[in-house]
Amino acid sequence: MIREASERTLWETPLQHVEQDVSSTAVRIAERNRRNAQRSTGPRSEAGKERARRNSMKHGLCANPAAGVVEEPGRFHVLHEALVDRFQPRDEIEAGLVHRIAVSLWRLQRAATADAAATELAVRAVVPQREQVQRWIEGVQDAWRVETVAEFDPELRRQQQEDGKRSVIR
């Protein structure tokens, strides 16, 4: 609330009152938010917590499979152990390389799965209209064939010209 100039003291300016009103509104909003936060405790079940953990994920293609964010971590662990048995790393560098191989293989498989799913969705969207499109294409091809024959067949061309003259006379 801004007071009239006559109500202000000498050291007060109109902006000081506006700033006080804004800051008191901000304090009220902050207090209200704190009260609301006390009532909102987030997910309580394990399934709800698991869903909330993935809230910010968009597609998960680059997610770390070892963290178990997208898929079951046990499957990644089996792959990793199989690679460790196969390559038998001797030091930390080789162990890191084996881990990178496991992560790369996992992400390639994840990308292939996503690609297959996107392709299947695209095919499902097209298939219902496929027959309609095919009929349209056949109609265009038939019309093109008729026009091509009419253009390049001299006998048909002469007959069409005669028919055109007769229809004009009628």
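Filtering the stretch 92-127 to residues that are open to solvent by 100 Å² or more (accessible area, probe 1.4 Å) and either touching a residue at least 12 places away in the same chain (Cβ under 8 Å) or over 25 Å from His77 (Cα atoms) (or both) leaves Leu121, Arg124. Would the stretch 68-91 turn up any residue that is open to solvent by 80 Å² or more (accessible area, probe 1.4 Å), under 19 Å from the mean Cα position of the chain (by Cα) and not hydrophobic (A, V, I, L, M, F, W, C)? For the stretch 68-91, residues open to solvent by 80 Å² or more (accessible area, probe 1.4 Å), under 19 Å from the mean Cα position of the chain (by Cα) and not hydrophobic (A, V, I, L, M, F, W, C): absent. Residues that are out of contact with any Lys or Arg (no Cβ under 9 Å at 6 or more places or on another chain), at pLDDT 75 or above, open to solvent by 70 Å² or more (accessible area, probe 1.4 Å) and not acidic (Asp, Glu): does the stretch 19-27 have at least one? Checked the stretch 19-27: at least one residue is out of contact with any Lys or Arg (no Cβ under 9 Å at 6 or more places or on another chain), at pLDDT 75 or above, open to solvent by 70 Å² or more (accessible area, probe 1.4 Å) and not acidic (Asp, Glu).
The values are calculated or read from the model by the stated rules, or taken from the named source; none is laboratory data. Nothing here was measured: the structure is a model prediction, and the numbers come from that model. With ideal geometry, Cβ positions are generated from the backbone for all residues, glycine too; neighbour counts draw on all protein chains shown. Calculation scope for accessible area: heavy atoms of the full protein, side chains included, ligands and nucleic acids excluded. Shrake-Rupley method; radii C 1.70, N 1.55, O 1.52, S 1.80 Å.
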